[in-house]
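Asker: Shown below is the structure under consideration.
The values are calculated or read from the model by the stated rules, or taken from the named source; none is laboratory data. Quick caveat, the model's predicted, so the values are computed rather than measured. All Cβ positions, glycine included, derive from the backbone under ideal geometry; neighbour counts span all protein chains shown. Heads up: the accessible areas ignore ligands, DNA and RNA and are worked out on the full protein's heavy atoms, side chains in. Shrake-Rupley method; radii C 1.70, N 1.55, O 1.52, S 1.80 Å.
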Amino acid sequence: VATEPMIRQPVSMSFDAQGRMWVLQYLQYPHYAGIKPVKQDQYLRTVYDKVPEPPPHGPKGLDRITICYDPDANGVFRKSKDFVTGLNIASGFCIGNGGVYVVQPPYLLFYPDKNEDDIPDGDPLVLLSGFGIEDSHSLANSLQWGPDGWLYGAAGSTSTCKIANPANPKEIVEFQQGIWRYHPKTKRFELFSEGGGNTYGLDFDRNGQAIAGTNWGGFACL
């Protein structure tokens, strides 16, 4: 339904109510723009010279969220336009609540688009910070809506997350791998399921079970 050069290195996609396909192009991977590695261990965990600021103040990368539309008779999209550009190792997104949620470690961002003109209404809101950036092979990723109204995401094994819960700032949730969730209305953050190896990929089946991918084989429903 889409080919190069319209779409390259897709890492996440979603369809909107109009049947358009939104795609996150992971073009900056595997190295962040604007920050320098200081040291790295045998597991590729990297210490950087600084933590990048969130958009639009931080360094601009090559990642972008692109909307594909106007399919032909065979369902192949003939046109595309960018919703947002300049993302820097953005590893997941989800449409909802009048905008687009984007996980760009160390941040969970929200780009409001209340009038649905496919142009962000302004700078993104920083909803969460503290997702690990040590290893771009295992970052927070794969945003999905759960059947309970929470926004779910995965996180890998070699990046340590230390998230201050907005509903209780004194509470720090620290973990390295698992499934996490954020409630947009109550602003609460929780670790839903810990473990599972280098978790990348997340979805829900019709029974409401979370299905997550790992890099060690086998399968599990949460």
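Asker: Give the number of residues within region 17-30 that are open to solvent by 50 Å² or more (accessible area, probe 1.4 Å) and touching a strand residue (DSSP E or B) at 6+ places or on another chain (Cβ under 8 Å).
Answerer: Number of matching residues: 2.
Asker: Just one of ASN115, ASN97, ASN88 is under 27 Å from GLU190 (Cβ atoms), open to solvent by 30 Å² or more (accessible area, probe 1.4 Å) and modelled with pLDDT of 95 or more; which is it?
Answerer: The match here is ASN97.
Asker: Filter region 157-184 down to residues that are open to solvent by less than 40 Å² (accessible area, probe 1.4 Å), farther than 19 Å from TRP145 by Cβ, assigned to a strand (DSSP E or B) and in contact with a Lys or Arg (Cβ under 8 Å, 6 or more places away or on another chain), then give me how many there are.
Answerer: Adding up the residues that qualify gives 1.
Asker: Within region 185-197, take every residue that is within 19 Å of PHE93 (Cα to Cα) and part of a loop (DSSP other than H, G, I, E, B) and give me the one that is most open to solvent (accessible area, probe 1.4 Å).
Answerer: LYS185
Asker: What number of residues within region 142-157 satisfy the criterion of being on the phi > 0 side of the Ramachandran plot and touching a Leu at 6+ places or on another chain (Cβ under 9 Å)?
Answerer: Total satisfying the criteria: 1.
Asker: Report yes if some residue within region 68-80 is without any contact (Cβ under 8 Å) to a residue 60 or more places away in the chain and either under 20 Å from ALA164 (Cβ atoms) or surrounded by 15 or more Cβ atoms within 10 Å (Cβ to Cβ) (or both); otherwise report no.
Answerer: Yes, the conditions are met somewhere in region 68-80.
Asker: May I pose another question? Kindly list, by first and then second residue, each pair from a residue in region 185-209 that is hydroxyl-bearing (Ser, Thr, Tyr) to a residue that is open to solvent by 70 Å² or more (accessible area, probe 1.4 Å) and part of a loop (DSSP other than H, G, I, E, B), limited to pairs with Cβ atoms under 6 Å and residues at least 6 apart or on different chains.
Answerer: From residues that are hydroxyl-bearing (Ser, Thr, Tyr), the pairs are SER193/LEU222.
Asker: Residue by residue through region 198-209, note down the ones that are open to solvent by less than 50 Å² (accessible area, probe 1.4 Å), within 24 Å of ILE172 (Cα to Cα) and touching a strand residue (DSSP E or B) at 6+ places or on another chain (Cβ under 7 Å).
Answerer: Residues satisfying the conditions are THR199, LEU202.
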